[in-house]
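> Below you will find the structure I want to go over with you.
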């Protein structure tokens with residue numbers, strides 16, 4: 001049985017945990033880390049298929065980083081808009097990382113970038129900004145007081161003409177390695193116990209285990225769905 005447990009732990013550590021860290025599963029509930037959506041609206045800037053806008057933010061110091069669950073932008077509501085997270089490249093947006101399920105490094109700068117697939121700059125939607133430098137923050141996340149714009153999403157111009165666009169970000173901290181060990185060990189022990197207790201084709205060599213297995217089967221038949 002010990003060999004089976006070791007094999008299960010190795011399999012979960014190799015395949016399941018990286019997927020969990022990358023996709024945001026087996027994680028605590030989301031935390032609102034950053035928001036200035038409740039600040040007064042002091043202006044707005046257009047975006048469209050030929051006008052890209054970007055707002056930088058900085059993550060907190062959690063040792064293993066964070067999983068991005070959700071981000072929002074104030075004033076944006078037109079169908080066809082595209083919002084993404086970009087890496088930082090010397091003070092301007094770098095590579096497109098996607099939208100959610102992204103692992104954000106601790107104490108690092110990223111950009112929320114927005115454009116549109118359906119509207120040109122002349123008939124575009126708007127992204128609100130505020131001159132209020134105060135905002136809601138947890139775990140020392142920061143909204144940087146500058147922004148960037150581009151006509152093609154490649155060549156960027158940085159500006160501090162206004163403090164910041166309105167944004168909101170939710171995420172979950174990536175668990176410490178010790179937390180993964182407890183989770184994996186618990187799953188491995190449960191799977192091992194379940195395999196021993198549900199071999200109904202022949203009498204169990206463990207009478208007490210057999211009785212417990214029948215009892216669990218009566219209470220919760222769906223547990224037999226496990227392989």
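All of the numbers you see were taken from the coordinates with simple rules; none came from a lab. Keep in mind it's a predicted model, so treat the numbers as computed, not measured. Note that we place each Cβ from the backbone using ideal geometry, even for glycine, and neighbour counts take in every protein chain shown.
> Calculate log10 I(q)/I(0) of the stretch 31-173 for q = 0.09, 0.11, 0.16 Å⁻¹, where I(q) comes from the Debye formula with a single equal point scatterer on each Cα and nothing for solvent.
Cα-only, vacuum Debye calculation for the stretch 31-173: -0.24, -0.36, -0.78.
> Full extension from residue 41 to residue 151: what is 0.36 nm times the residue separation minus their Cα-Cα distance, to one decimal in nm?
On the way: separation 110, 0.36 × 110 = 39.60 nm, distance 2.45 nm.
Net length gain for the segment: 37.1 nm.
> While we're here: What nm distance separates the two modelled labels at residue 134 and residue 95, each placed 7 Å from Cα along Cα→Cβ?
4.0 nm
> Still on this model: Could you order peptides 92-104, 157-169 by the average number of other Cβ atoms within 10 Å of their residues, highest first? Please list the in-between numbers first.
Working: 92-104: 16.1, 157-169: 17.8.
By packing density, highest mean first, the sequence is 157-169, 92-104.
> Take the alpha carbon atoms of the stretch 29-104, find their center, do the same for the stretch 131-151, and report the distance between the two centers in whole angstrom.
The stretch 29-104 and the stretch 131-151 have Cα centres separated by 10 Å.
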